[in-house]
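Enquirer: Quick one: the structure is below, questions incoming.
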Amino acid sequence: MPSYLLSSVLALGAFGLFGCKQAVEPVPSNGPGMELAQLDALVAECSVCHGVSEAQRGPILNGMDGWYLTDQMNKFRSGVRGARPSNRSEYLMGIGARKIQSDLQVAYLAHWFSSQPAQPAIRTVRGDLESGKGIYERRCLSCHGQQGQGNPTLQSPSLTKLEGWYFLEQMRKFRSGERGYDSRDQAGKVMAAASKELSDTDLRDLVAYCIDEFGLEEAKGVEPRWMPKKSSKPVLNQAPN
């Protein structure tokens, strides 16, 4: 598809998604309007896991680099990622990616999610920031940049839009070989090699530093749902001191 036509479709999609569909003239069921409706439905389906609602089960994709989202979707579609049942979350994503049937759908999804404003995130990873800074400068800065901005030429994504829990999970998967194992995934293999000798403490320090230094804004006044709230009720049947 010519680039100018793809740009037109993406622009039309953004127009429709933000509440202006009533201004679009009806089109035949087999025309571009039907294709746009299918694209919107695909966005809605992906948002069940990757949106900002309580049903979220995967990382929030809002504001991530469009080129990186495109690259990762294509890796899932081709089996470079998501081929191992032992890596359950990626395996499920690999199954879901089969519903993406064209390059146009990939481009539309990448454009849509990358265009959404990034959301503040709960700080779920704590660590030694000075230690993390040292690890970042020695192992990460040359590819991901001084401020974690990334470098598409090196296939190094921005680290500024990652939630802490997801960031840490991916680093552990690179280290264990659950990610970056496919010979076609050159960027993944580089990450696997870079994280191989890092301990759990190292990884936590590294992620904590990145999140604190250039990561997502911290969500204020939000308590993770999995954290039990302190009860104001007195404890019964407590033995005396």
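Enquirer: Taking the stretch 188-228 as the search range and keeping residues that are of a type in the set (D, E, K, R) and surrounded by fewer than 16 Cβ atoms within 10 Å (Cβ to Cβ), which one is modelled with the highest pLDDT?
Expert: So the residue we want is ASP200.
Enquirer: Check whether at least one residue in the stretch 179-187 is in a helix (DSSP H, G or I), at pLDDT 95 or above and of a type outside the set (Gly, Ala, Ser), and report yes or no.
Expert: yes
Enquirer: Can you find even one residue in the stretch 142-154 that is over 24 Å from ALA193 (Cβ atoms) and not in a loop (DSSP other than H, G, I, E, B)?
Expert: The answer is no, given that none of the residues of the stretch 142-154 is over 24 Å from ALA193 (Cβ atoms) and not in a loop (DSSP other than H, G, I, E, B).
Enquirer: Can you run down the residue pairs with Cβ atoms below 7 Å, 6 or more apart or on separate chains, where the first is in the stretch 56-77 and assigned by TED's automatic domain parsing to the domain that holds LYS99 and under 11 Å from TYR166 (Cβ atoms) and the partner is surrounded by fewer than 20 Cβ atoms within 10 Å (Cβ to Cβ) and among the aromatic types (Phe, Trp, Tyr)?
Expert: From the stretch 56-77, the pairs are PRO59/TYR166.
The values are calculated or read from the model by the stated rules, or taken from the named source; none is laboratory data. Note that the structure is a prediction, hence the values are computed from the model and not measured. Note that we place each Cβ from the backbone using ideal geometry, even for glycine, and neighbour counts take in every protein chain shown.
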